[in-house]
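Take a look at the structure below.
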Amino acid sequence: MEKYLNQLYKRFIILDKNYLVLDAKKYSTSLEKLKISDREVSQFYKNYYQPSFIDFLSDIKDIIYSENVLEFIQKTSSEDWNLWPYLDFLVKEKIIKVEKSGRPILLKKELKKVLLPPLKEGEIKNILEKKLGVRIKKNDYVINLFKKICHFRVKKEWDQMPISQGSALFLVSKISEVLPLRGPFLFVGDDDFISVILALSNPDFQLKVIDADKEVLSSIAFLAEKFNLKIETERLDIRKRRKSKEKFIGFLTNPVYTQAGVEEFMGFGIRQLSDKGAKVFLEVGDESIGKRFLFLQEFFSKNNLVIDEIIKRKISYPYIMLYKEDKEILRRFASLIKEGVIKRYPKLAASLYIFRYLPKRPKKLKRKGEFYAYL
């Protein structure tokens, strides 16, 4: 199937480029006054529009698992002209047929075994409750899902603060929505045990967790063995080891919430990515970054990361007393609000950044032309 997908990708790139050349020459109102050659259009395609292999599979996945193929336009923030080459290609390749209502009918059923199906939070919740024998409490600590099976101690020296169970459901659902394949996928640190929850939701996932905390890794390894999950673990300090022989189609990291912490964790993960493209997930809150997010944006761009989504209000950390300063901030709030009320709300919140990784940096093409030349 891997060989088939690679050949499929190569054939699509030819068709997609030919459509851009054709449409630029014959149907584009914005380009009709410009003297632009087929060669120039092809250069624009290669630099700006040609999807990576992973992005190509993601687009196919979005179409196959949609209720209506036209949903692709809003999901990808594009337009109908971008959708047409995919539909034409998938129909010609006898992968799908499209009903007049817009509903896709998958003809090549084997693809559902390869392309990761998206899972909703409710579906993941039901899977976890059944396999773990627990009841999900969205505002409880995520590590409490496993407290009957293994004991894990949160350690402040590693800056470990557990997210909520609801946040974990959201993360796993989002990863299953965005990733086109079941791996290999990397976790750069995983004291929230998201790798275990992801693998429990789909046991065919091929995952690797690296962490400096031996207890995190031994706990994950224990759970992986107990539930027969495909999770490999490795202890290492990302500041000392730079590159792995393995290549991954993506990674998730929840680093120290400082500029240096984000850059260190992200930099390590980026060096492990496949040359066929990848999806990157970053959890980060504005605990101690402030306007330095501007510098982080520069870091993302320099490392060929294109921001696809920034999702707020979905990742939170239930109230916890972990550091000595926590007593002081509680004292201040308690002068205004009841302590019981304070502890029902999150201690900290974060955003989820989702990136496309470009395996090759595009060249900046310069051409004089109309302001409204859509190319």
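The values are calculated or read from the model by the stated rules, or taken from the named source; none is laboratory data. As the structure is a computational prediction, the values presented were derived from the model and not from experiment. Cβ sites come from the backbone with ideal geometry, for glycine too, and all protein chains shown count toward neighbours. To get the accessible areas, we keep the full protein, side chains included, count just its heavy atoms, and leave off ligands, DNA and RNA. Shrake-Rupley method; radii C 1.70, N 1.55, O 1.52, S 1.80 Å.
A few notes on this one:
- Single residue of the stretch 60-83 satisfying the filter (under 16 Å from the mean Cα position of the chain (by Cα) and open to solvent by 30 Å² or more (accessible area, probe 1.4 Å)) that is farthest from Leu365 (Cα to Cα): Asp62
- One residue stands out among those in the stretch 312-349 that are closer than 19 Å to Ile289 by Cα and of a type in the set (Lys, Arg): the one that is least open to solvent (accessible area, probe 1.4 Å), which is Lys347.
- Inclusion of Asp140 among residues that are touching a residue at least 40 places away in the same chain (Cβ under 8 Å), in contact with a Pro (Cβ under 7 Å, 6 or more places away or on another chain), open to solvent by 10 Å² or more (accessible area, probe 1.4 Å) and of a type outside the set (Ser, Thr, Tyr) is warranted.
- Just so you know, in the stretch 350-363 the residues that are open to solvent by less than 50 Å² (accessible area, probe 1.4 Å) and not small (Gly, Ala, Ser) include one that is farthest from Ile270 (Cα to Cα), and it is Leu352.
- Check on Glu40, touching a residue at least 60 places away in the same chain (Cβ under 8 Å) and of a type in the set (Asp, Glu): yes
- Residue count for the stretch 225-241, restricted to those that are over 22 Å from the mean Cα position of the chain (by Cα) and either more than 24 Å from Tyr357 (Cβ to Cβ) or open to solvent by 30 Å² or more (accessible area, probe 1.4 Å) (or both): 9.
- Hits in the stretch 281-302 - residues which are open to solvent by less than 80 Å² (accessible area, probe 1.4 Å), without any contact (Cβ under 8 Å) to a residue 40 or more places away in the chain and under 30 Å from Lys363 (Cβ atoms): Phe293, Leu296, Phe299, Ser301
- For the stretch 244-254, residues that are closer than 24 Å to Lys314 by Cβ and open to solvent by 10 Å² or more (accessible area, probe 1.4 Å) total 2.
- Taking the numbered list (1) buried (at least 19 other Cβ atoms within 10 Å of the Cβ); (2) without any contact (Cβ under 8 Å) to a residue 40 or more places away in the chain; (3) β-branched (Val, Ile, Thr) in turn, Val91 passes all entries but (1).
- With respect to (1) outside any helix (DSSP H, G or I); (2) out of contact with any strand residue (DSSP E or B) (no Cβ under 8 Å at 6 or more places or on another chain); (3) under 30 Å from Phe53 (Cβ atoms), the lone exception for Ser176 is condition (1).
- Lys33 being open to solvent by 60 Å² or more (accessible area, probe 1.4 Å), of a type in the set (D, E, K, R) and within 17 Å of Tyr374 (Cβ to Cβ): yes
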